[in-house]
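The values are calculated or read from the model by the stated rules, or taken from the named source; none is laboratory data. Computed from a predicted structure; not experimentally measured. Heads up, the Cβs are rebuilt from the backbone with ideal geometry, glycines too, and the neighbour counts pull from every protein chain shown. Note: areas computed on protein heavy atoms with side chains; ligands, DNA, RNA excluded. Shrake-Rupley method; radii C 1.70, N 1.55, O 1.52, S 1.80 Å.
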Amino acid sequence: MKLAVVGATGEVGRTFLKVLEERNFPVDELYLFASEKSEGTELSFKGEKIRVRAINKEVSFKGIDIALFSAGSGISREFAPKFAKDGAVVVDNSSAWRLDPDVPLVVPEVNPEDIEKHKGIIANPNCSTIQMVVALKPIYDAVGIEAIVVATYQSVSGAGAKAIKELEEQTKAWCEGREMEIKNLPRRIAFNVIPQIDVFTENGYTKEEMKMLNETRKIMHDPEIKVSATTVRVPVFYGHSEAISVKLKNPLEPEEAKSILRKARGVVLVEDDYPVPIDVAGRDEVFVGRIRKDLVFEPGLSMWVVADNIRKGAATNAVQIAELLIKC
Ligand code: NAP
């Protein structure tokens with residue numbers, strides 16, 4: 001197994017290495033790529049130091065079996081087809097290929113069978129979509145879901161290493177009475193919340209919000225399902241939370257939903273308490289709590305869903321896809 005990680009020095013890239021190690025993914029040779037600026041940086045994998053190389057047109061990708069990409073859409077658009085042409089299967093974390101009809105969009109707990117349709121590229125969904133569909137698919141299968149209304153509380157790590165630094169720096173500056181600098185996020189994030197993730201589209205929703213609609217439809221194979229999302233950045237380092245209300249097609253009591261989710265793959269049902277991001281950071285499962293009857297939708301349910309956006313929302317989901325690939 002010759003494996004490549006593109007974007008290895010980033011938040012998701014470094015977590016790929018951790019998750020591959022933890023899950024004992026069979027790797028014989030590992031190739032790490034990032035930008036020119038990281039050329040020569042060394043990263044550890046299974047006790048060995050591996051040199052990071054800059055990705056560019058001169059690099060040969062021949063012989064690589066699987067490539068995990070997390071270096072942004074531009075790099076994915078340019079290099080994923082080159083890896084695929086040279087025989088690798090690319091699992092891409094960016095939004096570049098997610099809605100391409102020739103590219104399966106896969107969450108292993110929800111639509112693992114879609115993997116078989118790949119033509120060299122498989123897309124990993126958006127982090128906020130992954131945790132939502134893992135929590136809702138078992139309910140969808142049981143009684144059907146007509147519509148989803150969701151508000152997200154997304155951590156700064158969802159915007160990469162620079163945004164983590166920005167929250168740290170602004171918090172320090174605030175404590176020391178200094179001016180806070182805004183560099184990568186649209187507004188100040190320390191002691192604030194920002195109701196904008198990604199850019200606005202023509203209908204007033206952001207791209208992140210439209211991803212939650214379009215990706216859910218593709219993953220669930222349901223072009224009719226309605227999703228209305230408000231995505232919000234909050235001053236949390238790791239872990240996205242979501243307040244979700246669903247309009248069901250057929251009635252389901254909260255106790256019945258709990259008994260379904262207790263058995264669901266990849267879900268941890270939190271019953272006597274509720275999940276919070278600091279407890280969930282570092283975990284691979286999707287945590288669901290506060291399941292109750294919705295007071296607007298009839299029949300309907302409301303719930304609170306939390307997951308580590310860098311792990312289940314990105315690296316772990318991609319490694320699970322790679323595991324399915326080697327089983328095929
Ligand atoms: P990040 O911490 O900012 O890391 C970005 C990575 O991409 C770094 O390794 C960087 O290398 C590399 N890169 C950037 N420009 C490059 C270029 N021109 N050539 C080669 N490598 C380049 O970001 P991240 O959070 O890991 O996210 C990476 C990707 O995963 C994005 O597409 C993002 O949308 C997606 N994703 C992120 C999350 C999340 O929750 N964070 C979830 C799902 C998907 P250098 O260090 O050399 O600059």
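Only one of these is buried (at least 22 other Cβ atoms within 10 Å of the Cβ), touching a helix residue (DSSP H, G or I) at 6+ places or on another chain (Cβ under 9 Å) and hydrophobic (A, V, I, L, M, F, W, C): 83, 45, 33, 61. Name it. Break it down stepwise before answering.
Values: 83 fails: touching a helix residue (DSSP H, G or I) at 6+ places or on another chain (Cβ under 9 Å); 45 fails: buried (at least 22 other Cβ atoms within 10 Å of the Cβ); 61 fails: buried (at least 22 other Cβ atoms within 10 Å of the Cβ).
Sole residue among the options that is buried (at least 22 other Cβ atoms within 10 Å of the Cβ), touching a helix residue (DSSP H, G or I) at 6+ places or on another chain (Cβ under 9 Å) and hydrophobic (A, V, I, L, M, F, W, C): 33.
Is it fair to say residue 313 is open to solvent by 40 Å² or more (accessible area, probe 1.4 Å), outside any strand (DSSP E or B) and closer than 20 Å to residue 161 by Cβ?
On the way: open to solvent by 40 Å² or more (accessible area, probe 1.4 Å): no; outside any strand (DSSP E or B): yes; closer than 20 Å to residue 161 by Cβ: yes.
Considered against the rule, which asks whether it is open to solvent by 40 Å² or more (accessible area, probe 1.4 Å), outside any strand (DSSP E or B) and closer than 20 Å to residue 161 by Cβ, residue 313 comes out as no.
Reported count of residues in region 86-104, each being among the small types (Gly, Ala, Ser), away from the ligand (no atom under 16 Å from the Cβ) and open to solvent by 10 Å² or more (accessible area, probe 1.4 Å), is 1. Could you go through region 237-260 and let me know if any residue there is surrounded by fewer than 19 Cβ atoms within 10 Å (Cβ to Cβ), out of contact with any Lys or Arg (no Cβ under 7 Å at 6 or more places or on another chain) and either in the same structural domain as residue 320 (by TED's automatic domain parsing) or closer than 18 Å to residue 311 by Cβ (or both). Scanning region 237-260, I find at least one residue that is surrounded by fewer than 19 Cβ atoms within 10 Å (Cβ to Cβ), out of contact with any Lys or Arg (no Cβ under 7 Å at 6 or more places or on another chain) and either in the same structural domain as residue 320 (by TED's automatic domain parsing) or closer than 18 Å to residue 311 by Cβ (or both), so the answer is yes. Only one entry in 215, 168 is outside any strand (DSSP E or B) and open to solvent by 80 Å² or more (accessible area, probe 1.4 Å), namely 168. Across region 1-20, the qualifying residues are those that are more than 10 Å from the ligand (Cβ to nearest atom) and farther than 22 Å from residue 63 by Cβ, and the one among them that is nearest to the chain's Cα centre (by Cα) is 19.
Of the residues making up region 53-66, just one is within 24 Å of the chain's Cα centre (by Cα) and either aromatic (Phe, Trp, Tyr) or within 13 Å of the ligand (Cβ to nearest atom) (or both), namely 55. For region 33-52, filtered to residues that are in a loop (DSSP other than H, G, I, E, B) and on the phi < 0 side of the Ramachandran plot, the residue that is nearest to the ligand (Cβ to nearest atom) is 35.
Of the listed requirements (1) modelled with pLDDT under 95; (2) in a strand (DSSP E or B), residue 272 misses just one: (2). Quick check on residue 119: is it outside any strand (DSSP E or B), more than 20 Å from residue 29 (Cα to Cα) and more than 9 Å from the ligand (Cβ to nearest atom)? Yes, satisfied. Here region 171-187 is the region considered, the condition is being open to solvent by less than 90 Å² (accessible area, probe 1.4 Å) and over 24 Å from residue 72 (Cβ atoms), and the residue that is nearest to the chain's Cα centre (by Cα) is 171.
Note on region 151-165: residues that are surrounded by fewer than 23 Cβ atoms within 10 Å (Cβ to Cβ) and either in contact with a His (Cβ under 7 Å, 6 or more places away or on another chain) or not in a helix (DSSP H, G or I) (or both) amount to 3.
Somewhere in region 319-327, is a residue in a loop (DSSP other than H, G, I, E, B), within 14 Å of the ligand (Cβ to nearest atom), at pLDDT 95 or above and within 30 Å of residue 118 (Cβ to Cβ)? Lay out the reasoning, then the answer.
Filtering region 319-327 for residues in a loop (DSSP other than H, G, I, E, B) gives none.
So far as region 319-327 goes, no, none of its residues is in a loop (DSSP other than H, G, I, E, B), within 14 Å of the ligand (Cβ to nearest atom), at pLDDT 95 or above and within 30 Å of residue 118 (Cβ to Cβ).
Within the bounds of region 128-142, is there any residue that is outside the structural domain of residue 243 (by TED's automatic domain parsing), out of contact with any strand residue (DSSP E or B) (no Cβ under 9 Å at 6 or more places or on another chain), part of a helix (DSSP H, G or I) and open to solvent by 10 Å² or more (accessible area, probe 1.4 Å)? Checked region 128-142: no residue is outside the structural domain of residue 243 (by TED's automatic domain parsing), out of contact with any strand residue (DSSP E or B) (no Cβ under 9 Å at 6 or more places or on another chain), part of a helix (DSSP H, G or I) and open to solvent by 10 Å² or more (accessible area, probe 1.4 Å). Just one of 201, 231 is among the polar types (S, T, N, Q) and open to solvent by less than 10 Å² (accessible area, probe 1.4 Å); which is it? None of the other options fit; the residue is 231.
Residue pairs whose Cβ atoms lie under 7 Å apart, separated by 6 or more positions or on different chains, with the first residue in region 185-199 and assigned by TED's automatic domain parsing to the domain that holds residue 161 and the second assigned to a loop (DSSP other than H, G, I, E, B) and modelled with pLDDT under 95, do not occur.
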